[in-house]
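These notes are about the structure you will find just below.
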Amino acid sequence: MINQHKVKTPMFKTPVALLISSILFSPFTLADDDSSAIERMSVIGNKEDLRKSTGSVSLISELDLEKFEYDDIGRILANVAGVNIRQEDGYGLRPNIGFRGVTPERSKKINIMEDGVLIGPAPYSASAAYYFPNTTRMTSIEVTKGPSTIKYGPNTVAGALNLISRQVPDGQEGAIDLGAGTDSYGKLHAYYGDTNGNFGYLIEGLKFKADGFKELDGGGDTGFDKSDIMTKFNYQLDGSDYSQLFELKFAYAEETSDETYLGLTDSDFAENPYRRYAASQLDQMNWTHKQVQFTHHIEFSNFNATTRVYRNDFERAWFKLNEIKSSFNDDIPTLQQILRHPNHEENLIYYQTLTGERDSTAREILVLSTNDREYYSQGAQIDFAWNLQLFNFAHQIEGGLRFHEDQIQRNHLEDNFLMQSGKLQSTGEQTRAASTNTEQTEALSVYIQDTLQFDNLSITAGIRGELIDGYYQNRAPNKEQDFQKKTNRIWLPSISAYYELSKHAGIFGGVHSGFVPTSPIQEAQIETEKSVNYELGYRYINNGQKAEVIGFFTDYSNLKESCSVSAGCDTDLEFNGGAVDIYGIEATLSDTYKLTNQLSLPWSIVYTHTESEFKDTFYSDFTQWGFVEEGDGVPYLADNMLTLSFGLTANTWQLSMLVNYSGAMKESAQTALTGDTKDSPLAGLKTDAYTIVDLSGSYELNGHSQLYAKIDNLLDSAKISSRRPFGARPSKPRQFQVGYRYRF
């Protein structure tokens with residue numbers, strides 16, 4: 001048990017300090033060139049590791065990232081099979097990413113890392129990723145699925161996404177990138193670094209903004225303004241039989257965005273998909289993120305290790321419309337119900353209040369919440385690899401240990417407003433507290449795996465342990481007794497194999513245990529998510545040619561989902577879904593045709609087919625489930641996703657086109673309304689299937705200068721990407737961008 005005054009402050013305790021001091025000079029990886037420098041921050045290694053990997057892994061290089069100049073991770077990951085995305089704001093400010101059918105909601109079920117370190121605000125205590133690193137400053141992105149996932153907890157059902165930031169260069173290097181585009185889009189990105197003797201440094205800054213593409217009733221911005229700065233310092237200290245590197249990283253980022261959860265009715269969407277109702281005029285998100293990371297690498301001939309000590313602080317306040325209430329009646333429809341049936345007699349007055357057509361009274365009070373949250377995430381981890389001969393077999397042993405601590409402190413407030421002449425006016429009532437609580441987690445994680453080589457056969461067996469202690473405390477007045485301590489101890493085995501058919505081709509497969517923990521606030525009847533995950537695949541890689549086909553099957557004994565405001569709930573509640581099967585096929589084909597000595601045509605095809613079904617019939621208060629029948633599919637999962645990429649590349653210019661198709665997705669597992677008052681308000685609804693075409697091109701003025709241009713959503717497709725939490729929301733319309741990049 002814990003009391004209110006015992007909720008720990010964000011500082012390392014003595015055990016952590018002892019751990020840090022004991023491992024500070026333990027062995028780590030080091031490399032001598034830029035490509036190896038990237039590998040120091042990588043979790044999947046080099047291209048040879050990719051070819052012979054016993055699981056599904058993908059690498060997006062810096063050249064690939066620059067091809068389309070995307071700021072949105074969702075558009076970047078369209079080129080990776082098995083990734084399911086739910087669009088939200090059109091800019092990718094708060095992406096929703098899932099792998100192999102797991103819910104994409106706030107990317108909460110994948111492990112998001114930057115330079116090999118968990119980067120979510122509180123990955124254990126509150127896994128919803130309201131902070132996501134700016135992909136514009138990343139130099140490569142790694143996606144890991146399958147059995148290798150046990151190396152990257154706590155979530156092992158889906159996989160891991162590792163974003164690799166720019167490394168300190170070996171010599172003097174810098175660049176400046178200026179961009180401008182539709183809706184007053186602007187970008188300034190610059191970096192400079194150098195290494196003098198054994199000492200190296202890097203400084204990088206990024207600022208980009210837009211006024212937004214939505215049209216707010218009564219006028220106003222609907223865009224964003226983001227800034228990011230990062231510095232790195234390193235020192236190389238080699239011995240006679242080893243090399244090592246010490247590195248210190250500091251980063252700061254901030255965002256102000258005029259974003260809302262309020263969408264449209266389907267009829268209003270059909271008339272103007274980019275409209276925003278007057279009731280959202282004050283909605284705004286503000287956040288800041290601070291990061292400190294110390295990394296040490298050392299490498300011997302057959303052993304290397306990396307130690308990282310890290311601290312992340314994230315503060316956010318999102319002021320936005322939350323609900324409508326009445327001073328005279330508690331039976332008020334939810335925003336979801338109002339927007340689904342706006343012309344129903346009991347809903348019409350509230351719909352007219354949202355749009356500003358009607359002045360509101362004490363019977364139609366608009367409640368705006370300030371969801372103010374403070375997070376920290378800190379810890380120390382060591383990862384090692386050891387190649388050795390044992391019992392006449394070649395072993396590649398990998399292992400790691402991490403002590404992690406994170407916390408979320410909620411300080412939610414509510415204010416009452418009336419709609420008067422199309423403007424929100426405060427009622428003058430006192431601001432009141434809504435949710436004031438703290439969740440904190442301490443976790444010790446360990447993994448070890450061994451790869452044995454038998455001629456053409458590689459077998460990898462491993463296990464991961466998650467030892468988790470969670471604490472919850474209600475901090476509201478007279479709620480000292482509302483507290484909870486939770487303990488979870490679990491071991492997650494994995495086994496996989498790769499059989500080399502030839503120098504360039506092989507088959508692989510594996511099985512591993514999937515796990516997603518519950519947050520500290522959840523009651524005992526909410527079970528952790530558990531599954532057994534299988535995959536079987538074929539891979540061919542040869543001189544730029546790639547062909548890979550993978551079948552996957554996820555057998556859930558319990559599917560767990562959480563419902564926050566972004567999903568239409570008032571609190572961060574979790575729900576049990578019981579047994580669920582998700583299965584499908586991932587396929588990737590790519591090659592480059594040489595048309596002439598100076599002209600080539602690179603192309604790729606990425607396809608994913610996914611099926612899902614609940615194994616039981618039940619009712620859930622979770623709005624995305626409702627009345628579920630055996631055989632119903634999970635929501636927000638497209639059956640078919642296809643990405644085609646084509647290009648023309650010459651010595652000084654290139655053109656690229658990307659065509660991305662996603663099938664319609666169920667908004668709720670419940671297939672139709674039954675007339676019951678407990679019906680999911682999203683029952684029977686689907687998002688629109690869509691096809692998005694993006695076009696980009698660049699021209700090298702000289703060895704240092706480049707002009708580029710791009711068009712996102714060339715066909716100006718306007719589709720419903722989501723109706724959660726409150727109404728239909730569109731994808732981004734056609735956007736133009738031009739830019740100039742200078743390298744030195």
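So that you can scan it fast, the table gives a plain yes or no per residue for (1) in a strand (DSSP E or B); (2) farther than 16 Å from residue 104 by Cβ:
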site	(1), (2)
610	yes, no
616	no, yes
644	yes, yes
648	yes, yes
661	yes, yes
675	no, yes
683	no, yes
695	yes, yes
Consider residue 616 against the criteria (1) surrounded by fewer than 16 Cβ atoms within 10 Å (Cβ to Cβ); (2) in contact with a Phe, Trp or Tyr (Cβ under 7 Å, 6 or more places away or on another chain): it satisfies all of them except one. Which criterion is unmet? (2)
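So, of the residues in segment 707-727 that are farther than 21 Å from residue 274 by Cβ and open to solvent by 20 Å² or more (accessible area, probe 1.4 Å), which turns out to be farthest from the chain's Cα centre (by Cα)? First the steps, then the outcome.
Within segment 707-727, the first condition is being farther than 21 Å from residue 274 by Cβ, and the residues that meet it are 707-709.
Next, only the ones that are open to solvent by 20 Å² or more (accessible area, probe 1.4 Å) stay: 707, 709.
Details: 707: 30, 709: 27 Å.
In this case the residue turns out to be 707.
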Quick one: which residue in 259, 254, 215, 204 is in contact (Cβ under 8 Å) with a residue 40 or more places away in the chain, closer than 27 Å to residue 743 by Cα and in contact with a strand residue (DSSP E or B) (Cβ under 8 Å, 6 or more places away or on another chain)? 204
Among the candidates 364, 346, 414, 357, which residue alone is open to solvent by 50 Å² or more (accessible area, probe 1.4 Å), among the charged types (D, E, K, R) and within 27 Å of residue 622 (Cα to Cα)? 346
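Which of the residues spanning segment 52-65 are in a helix (DSSP H, G or I), open to solvent by 30 Å² or more (accessible area, probe 1.4 Å) and either touching a residue at least 12 places away in the same chain (Cβ under 8 Å) or of a type in the set (Val, Ile, Thr) (or both)? Full working, then the answer.
Step one: of segment 52-65, the residues in a helix (DSSP H, G or I) are 62-65.
If we keep only those that are open to solvent by 30 Å² or more (accessible area, probe 1.4 Å) too, we end up with 62-64.
Scanning segment 52-65 gives 62, 64.
For segment 304-311, state whether one or more residues are part of a strand (DSSP E or B), farther than 30 Å from residue 678 by Cα, open to solvent by 20 Å² or more (accessible area, probe 1.4 Å) and in contact with a helix residue (DSSP H, G or I) (Cβ under 6 Å, 6 or more places away or on another chain).
Checked segment 304-311: at least one residue is part of a strand (DSSP E or B), farther than 30 Å from residue 678 by Cα, open to solvent by 20 Å² or more (accessible area, probe 1.4 Å) and in contact with a helix residue (DSSP H, G or I) (Cβ under 6 Å, 6 or more places away or on another chain).
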Taking interchain pairs and intrachain pairs at least six residues apart, which have beta carbon atoms under 6 angstrom, with the first residue in segment 226-248 and without any contact (Cβ under 8 Å) to a residue 40 or more places away in the chain and the second of a type in the set (Gly, Ala, Ser)? 229/205
Qualifying positions in segment 626-667 - farther than 30 Å from residue 725 by Cα and without any contact (Cβ under 8 Å) to a residue 60 or more places away in the chain: 644, 646, 648, 649, 650, 651, 652, 653, 655, 657
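If you go through segment 542-567, how many residues are assigned to a strand (DSSP E or B) and surrounded by 19 or more Cβ atoms within 10 Å (Cβ to Cβ)?
To start, the set of residues in segment 542-567 that are assigned to a strand (DSSP E or B) comprises 542, 545-558, 560-563.
From the residues that got through so far, the ones that are surrounded by 19 or more Cβ atoms within 10 Å (Cβ to Cβ) too are 548, 550, 552, 554, 556, 560-563.
Residues flagged as assigned to a strand (DSSP E or B) and surrounded by 19 or more Cβ atoms within 10 Å (Cβ to Cβ) within segment 542-567 amount to 9.
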Output the residues belonging to segment 470-490 that are open to solvent by 60 Å² or more (accessible area, probe 1.4 Å), in a loop (DSSP other than H, G, I, E, B) and basic (Lys, Arg). 479
Mind checking which residues of segment 652-684 are surrounded by fewer than 22 Cβ atoms within 10 Å (Cβ to Cβ), closer than 25 Å to residue 640 by Cα and over 23 Å from the mean Cα position of the chain (by Cα)? 656, 657, 671, 672, 684
Any chance residue 271 is open to solvent by 10 Å² or more (accessible area, probe 1.4 Å), out of contact with any His (no Cβ under 8 Å at 6 or more places or on another chain), of a type outside the set (Gly, Ala, Ser) and free of Cβ contacts under 8 Å to residues at least 12 places away in the same chain: yes
Is it fair to say residue 586 is touching a residue at least 40 places away in the same chain (Cβ under 8 Å), acidic (Asp, Glu) and in a strand (DSSP E or B)? yes
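The values are calculated or read from the model by the stated rules, or taken from the named source; none is laboratory data. Just so it is clear, the structure is predicted and the values come from calculations on it, not from any experiment. Positions of Cβ are backbone-derived with ideal geometry, glycine not excepted, and every protein chain shown enters the neighbour counts. The area values use the complete protein model at the heavy-atom level, side chains included, leaving out ligands, DNA and RNA. Shrake-Rupley method; radii C 1.70, N 1.55, O 1.52, S 1.80 Å.
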